[in-house]
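Below is one structure, written out as structure tokens; the observations come after it.
The values are calculated or read from the model by the stated rules, or taken from the named source; none is laboratory data. These figures come from a predicted structure and were not determined experimentally. Cβ atoms come from the backbone with ideal geometry, glycine included; neighbour counts cover every protein chain shown. All accessible areas refer to the heavy atoms of the entire protein, side chains included, with ligands and DNA or RNA removed. Shrake-Rupley method; radii C 1.70, N 1.55, O 1.52, S 1.80 Å.
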Amino acid sequence: MTARGRRIVARRVFALTGAGAVDFEHHIAGMEARPTHVFVDIADEDFRLDTIPHVGAADREALLGRKLAQIFRNTPYRYAQMQGREGEGRRDDRVLYTAVTNPEALRPWLDVLERHAVALEGIYSAAVLSTLAVEELDLESPHTLLVTFTPGEAMRQTYFKGGEIKFSRLTPVDLEEGQGLGAFVHEETMRTWQYLDSLRHFVPEDRLEACVLMHAQDRAAIEPELRDFAQLKYRPLDIEQASMKLALRPAPHDSTAEELLVHLFLMRRTGNHFATPEQQRHARIRRARIALGQASAAILVAGIAWGGYHVLRAHQGSEADRRAEQQLAAINTEHDEIVRSTPTLGVGGSTMRDTVAFYNGFIRDFPGLPAFAVPLSRVIGAHPGVRVTQLSWIATDDAKAMPPMTSIASRQAPSVKSSRKTEPAPPPVANAAESAANPAFAAGRYEVALLEATVQVPADDFRGAIARAQGLADELGRLPGMAAEVIDSPLDVRPSLQLQGRIEPQQPATMEARFVLRVVRDRGPA
């Protein structure tokens, strides 16, 4: 039979003769490559029931393999079906063993498939597959006997107990003189019931339901002979109605059930029963070839999609570049129009060049006061009692430069202060060397600042005030690139200065001692 999807589309019949085998080989040689399934429905099939201990999957497979090799040692076509567990005792696993006891019956046909490298997916027992018919046709009962007819004028009887196959036999339909088909079915059913009863499958209260699958054209010859009694009840089944229930179209034209079983297999595919791994190698190769082809197609599609994505992105990029060029051309055109409409100011090219060079050399990288004052403010903020009164800052190339500053008297001046004995000398006039060291437009390597501040300490605690001022200078000097020194102490006791003081009847408890720090930051050579 040939199937597409779940539908049988063609069938051929080959005689069990040498000529039939030759016709079969010609048919296989001309058939397109496709997966093949072989269904076995012959008399040379044996069934055995057994129980085995409940063990793990790997141990169970090994145990079943040994059991099959012991029971059916003369055939490679053997199969074990697990059927649940016992309800009492050790709760052993129930097993059905089945095998084709005469492998020579299959050899001519399987040799043809092997010679033509047919992808054999499996060899299946038709009797075991009839379990699907019991389930799909709602024939399950405590004891069911499914009676079907097979090609070659034979009848198969398969016994199910609680929906599990226990026994099956194939009997040639060899009618005696004057015997009808219905009488033959009844006699063989009675023999099967007696055999099952001898194996103690029944108790007196049990009743075997014999379901006979037949075509309408055979119903008149079979059904009148099927007589029920206390432990046997017949249930005729119309094969056309069964086909309609299973959506098998067209329905079989006679009472043979092979099309029904194949259709059930297409509906609910099961694993291989009898085929050896060696016989299935062409099927494995075919599946691997299909998988590689699918993977190659997926890679090709992914590559095309990836290439298309990049082509799209390149096209989008080209469009974006084209729009950018159009915008740039419009901007240049607008710029040219603005330049043409703007009157000239008489500035020459050399003047503009010198101006830009001056900006790049002196203005752009010239230091600013905020960047200098921020790290100083962080350090001063950590000294409570210190109040900055003024900051004088310059950027110069002379590390000894001194920014100008006018002193501011503190709000709580100390009772003692130092002053110069004579008037300070006027500032010296800058000579040529000093002018060269500090040009009109300096690069600003050094940032020099005079920081005037007061520190609040107890009255007349000049040592504490001097220590606080020196400590602040030391912390500022630890900043990167910074150097700080006290140039005007809270109380200067140098010989060149004189001390002056006043004593008042009531002096305040604290005083604000004034001091001046000189802070220099070296920015390094330009």
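I'm trying to understand the selection: among the residues of the range 99-119, which are of a type outside the set (Gly, Ala, Ser), within 14 Å of VAL38 (Cβ to Cβ) and in contact with a strand residue (DSSP E or B) (Cβ under 7 Å, 6 or more places away or on another chain)? Across the range 99-119, the qualifying residues are VAL100, LEU106, LEU113, VAL118.
Can you pull out the residues in the range 270-288 that are of a type in the set (D, E, K, R) and under 25 Å from THR75 (Cα atoms)?
The first filter runs over the range 270-288 and keeps only residues of a type in the set (D, E, K, R), leaving 278, 281, 284, 286-287.
Within the range 270-288, GLU278, ARG281, ARG284 meet the criteria.
Restricting LEU266, LEU246 to those that are within 30 Å of THR36 (Cβ to Cβ) and touching a Lys or Arg at 6+ places or on another chain (Cβ under 7 Å) reduces the list to LEU266. The set of residues in the range 92-116 being under 47 Å from the mean Cα position of the chain (by Cα), outside any helix (DSSP H, G or I) and under 29 Å from ASP23 (Cβ atoms) consists of ALA99, HIS116. Only one of the numbered conditions (1) in a helix (DSSP H, G or I); (2) open to solvent by 80 Å² or more (accessible area, probe 1.4 Å); (3) over 18 Å from THR150 (Cβ atoms) is not met by PRO250, and that is (1). As for the range 217-233, it holds no residue that is under 57 Å from the mean Cα position of the chain (by Cα) and open to solvent by less than 80 Å² (accessible area, probe 1.4 Å). Within the option set THR192, THR148, being in a strand (DSSP E or B) and more than 46 Å from the chain's Cα centre (by Cα) holds for one residue only, THR148. From the set of residues in the range 92-119 that are surrounded by fewer than 19 Cβ atoms within 10 Å (Cβ to Cβ) and of a type in the set (Val, Ile, Thr), which is farthest from ASP44 (Cα to Cα)? Ranking the candidates gives VAL112 first.
Residues are listed down the side, and each one gets a yes or a no for (1) in contact with an Asp or Glu (Cβ under 7 Å, 6 or more places away or on another chain); (2) polar (S, T, N, Q); (3) free of Cβ contacts under 8 Å to residues at least 24 places away in the same chain:
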position: HIS282; (1), (2), (3): no, no, no
position: GLN294; (1), (2), (3): no, yes, yes
position: ALA298; (1), (2), (3): no, no, yes
position: ILE304; (1), (2), (3): no, no, yes
position: GLY307; (1), (2), (3): no, no, yes
position: LEU312; (1), (2), (3): no, no, yes
position: SER318; (1), (2), (3): no, yes, yes
position: ARG322; (1), (2), (3): no, no, yes
position: GLN327; (1), (2), (3): no, yes, yes
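The residue of the range 77-91 that is nearest to HIS37 (Cα to Cα), among those that are part of a loop (DSSP other than H, G, I, E, B) and at pLDDT below 95, is GLU86. Please indicate, with yes or no, whether at least one residue in the range 49-72 is charged (D, E, K, R), in contact (Cβ under 8 Å) with a residue 40 or more places away in the chain and farther than 27 Å from HIS263 by Cα. Yes, the range 49-72 has at least one match.
Among the listed residues GLY84, GLY89, GLY122, identify the single one that is within 43 Å of the chain's Cα centre (by Cα) and open to solvent by 20 Å² or more (accessible area, probe 1.4 Å). Write out each step before concluding.
On the way: GLY89 fails: within 43 Å of the chain's Cα centre (by Cα); GLY122 fails: open to solvent by 20 Å² or more (accessible area, probe 1.4 Å).
The unique qualifying residue is GLY84.
Residue-level check: of (1) under 19 Å from VAL262 (Cβ atoms); (2) touching a residue at least 12 places away in the same chain (Cβ under 8 Å); (3) open to solvent by 60 Å² or more (accessible area, probe 1.4 Å); (4) in a strand (DSSP E or B), VAL13 misses just (4).
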